[in-house]
Amino acid sequence: MRMRAGRYHIVVPPDPMRLAPVSAAGRRRAILALLLLVPAASVGTFIAMVAAPGPIGQAVFLVAKAWLLLFPVVWLMAMDRVRPTLPRPSRRGMTAALATGVAIFLAIFAGYGLVGAAWIDPELMRRKAMAVGLTTPAIYLAGAVYWCTVNSILEEYVWRWFVFIRLELLLPRAAAVLASGLLFTLHHIIALSVYFDWRITLLASLGVLVGGTTWSWLYLRYRNLYAAYVSHVFADIAIFILGYWLIFR
């Protein structure tokens, strides 16, 4: 993507994305966009799961999700004055997606086998799952399908497309990759702390950070969301397999 007269121009992969020098006004716009978007995920999660669980919290959570969905497109068209584009996936990008996805999938199961099995209380997991309505395998599987498709796509669209691109205007690329992973991890820490003790919360948060950083790197390298999304789905599938086994075995 190039910056010209304050506008974004998409460079279709596999050519690397280049950034011209960013003006002070462009940097201020990027900072403002991040300030308006990034906190929504943590605020929605905190209110829904900690401060006001129940109908009010769920309403706030849905509003936050709608904001995360709509704000990037509105900002791109109103402030950057361009239309979003969707480049085609590349073979190399898909190969990298499968390789990183399988590695993350195996790492999640390895982490569970090494420490998770001893630290996670299945009975507590079952009680918490029932409390949020995951009362049958069918309901659980429906939620898993939603999370592996709609929610994963939304997260890649927000954190790897919109957030990472703006961080790239403000930071060196390696720092932007790490910062994107860190910001992506924040609301996951809140959610994990509701279900697990500090040990699992810390371990799983580190896993989320590694995943988010990996997916940001994939986006940096291949410049479309397909590679990041496919790799991301492997992580979600592993988590839902473990969750199913813990809750319904």
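So here's what we get for this one:
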{"read-out": "Unmet requirement for P137, which otherwise passes all of (1) open to solvent by 90 Å² or more (accessible area, probe 1.4 Å); (2) farther than 26 Å from L218 by Cβ", "value": "(1)"}
{"read-out": "Answer from V115, V102 - the residue that is more than 20 Å from the chain's Cα centre (by Cα) and either in contact (Cβ under 8 Å) with a residue 40 or more places away in the chain or loosely packed, with under 13 Cβ neighbours inside 10 Å (or both)", "value": "V115"}
{"read-out": "Flag for P13 being out of contact with any Lys or Arg (no Cβ under 7 Å at 6 or more places or on another chain), open to solvent by less than 70 Å² (accessible area, probe 1.4 Å) and modelled with pLDDT under 95", "value": "no"}
{"read-out": "Test: residue in the range 224-240 that is more than 23 Å from L70 (Cα to Cα), in contact with a helix residue (DSSP H, G or I) (Cβ under 6 Å, 6 or more places away or on another chain), among the hydroxyl-bearing types (S, T, Y) and surrounded by fewer than 22 Cβ atoms within 10 Å (Cβ to Cβ)", "value": "no"}
{"read-out": "Lone unmet requirement of (1) of a type in the set (A, V, I, L, M, F, W, C); (2) within 16 Å of the chain's Cα centre (by Cα); (3) open to solvent by 40 Å² or more (accessible area, probe 1.4 Å); (4) farther than 26 Å from A66 by Cβ for L220", "value": "(3)"}
{"read-out": "Residues being open to solvent by 20 Å² or more (accessible area, probe 1.4 Å), part of a helix (DSSP H, G or I) and either free of Cβ contacts under 8 Å to residues at least 60 places away in the same chain or among the basic types (K, R) (or both) - total across the range 150-178", "value": "5"}
{"read-out": "Residue within the range 88-106 that is within 19 Å of S216 (Cα to Cα) and in contact with a Gly (Cβ under 8 Å, 6 or more places away or on another chain) present", "value": "yes"}
{"read-out": "Which numbered condition W215 misses (of (1) open to solvent by 50 Å² or more (accessible area, probe 1.4 Å); (2) at pLDDT 95 or above; (3) among the aromatic types (F, W, Y))", "value": "(1)"}
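The values are calculated or read from the model by the stated rules, or taken from the named source; none is laboratory data. Treat the numbers as computed from the prediction; the structure is a model and nothing was measured. Cβ coordinates were reconstructed from backbone atoms using ideal geometry, including for glycine residues, and neighbour counts include every protein chain displayed. Calculation scope for accessible area: heavy atoms of the full protein, side chains included, ligands and nucleic acids excluded. Shrake-Rupley method; radii C 1.70, N 1.55, O 1.52, S 1.80 Å.
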